[in-house]
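Bear in mind these aren't lab numbers, they're just calculated from the coordinates by the rules spelled out. This one's a predicted model, so the numbers in the text were calculated from it and none came from an experiment. Please note: Cβ atoms are built from the backbone with ideal geometry, for glycine as well, and neighbour counts cover all protein chains shown.
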Amino acid sequence: MLSGFVGSYLRAIRFLAGLCMALIVGIMLAQVFYRYVLGDSLIWAEELCRYLLIWQTFLVLGLAYSRGEFVALDFLPKALPPRGRWILRAVMAVPIVAFLAVIAWYGYDFASRFDRQTIPALDFIWTALTGHALGLSIRWVYVSVTVGSVLMALHVIAELVATYGREFRDNLDADQAGAGV
């Protein structure tokens, strides 16, 4: 059940990140076409791509952490036995999760200050299509910091639990084999 949820979560995050990238590429290709072929410009393209890139970045932070794609100094953990590596990882997880909680809290506080300000690019596009502004709050751009921090904290905790589970099973199997069970 849990592995099914995790698999669905990972597929959803990858899909959203891919969708953001596809939209960025499509919008930038349209911008290049308009600028160099038609001699005009899409005034909203850069702003919308920036917002999409921000969301994409914060969505995939946790995935990058789980895959070990952050820069790390690992000479100390590699020198430790497996249980020592897990203890070091657990000790390091505490300040990481605390920092992410602070970032999430202040990110949400910052985002909540912009309820009345709308996203100009989307208002421009929507007004051109429908005749009235969309009125989507820019808060939804800024709340990406909170969402990304919470997702990354969950990845840190999940990796710690998964690693502990492997260490526990491996040590239990070794203890049982040593005891002749």
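Quick notes
- Fewest-first sequence of 132, 155 by Cβ atoms within 10 Å of each Cβ: 132, 155
- If the chain linking residue 88 and residue 73 were pulled fully straight, counting 0.36 nm for each residue of separation and taking away their Cα-Cα distance, it would gain 4.1 nm.
- Around the Cα centre of the chain, unit charges on the Cβ atoms of Lys, Arg, Asp and Glu (plus for the first two, minus for the last two) sum to a dipole of about 120 debye.
- For segment 95-154, trypsin sites (Lys or Arg not before Pro) are listed when DSSP marks them as loop and at most 14 other Cβ atoms sit within 10 Å of their Cβ; the list is 113, 116.
- Sparse-neighbour loop sites [chymotrypsin sites (Phe, Trp or Tyr not before Pro); segment 22-127; at most 12 other C-beta within 10 Å; DSSP]: 70
- Put in line by how crowded their Cβ is, counting other Cβ atoms within 10 Å and starting with the fewest, 143, 71, 25 read 71, 25, 143.
- Förster radius 41 Å - calculated FRET efficiency between residue 80 and residue 1 (Cβ-Cβ, nearest 0.05): 0.80
- Inter-label distance, residue 57 to residue 33: 2.8 nm, where each label sits 7 Å from its Cα along the C-beta direction.
- When you filter the GluC sites (Glu not before Pro) in segment 43-110 for DSSP loop state and at most 16 other Cβ atoms inside 10 Å of their Cβ, you are left with 69.
- Mean Cα-pair separation over length for the chain, i.e. relative contact order, pairs under 8 Å, 6 or more apart, %: 26 percent
- Given charges at beta-carbon only (K, R positive; D, E negative), |dipole| of segment 1-101 in Debye: 560 debye
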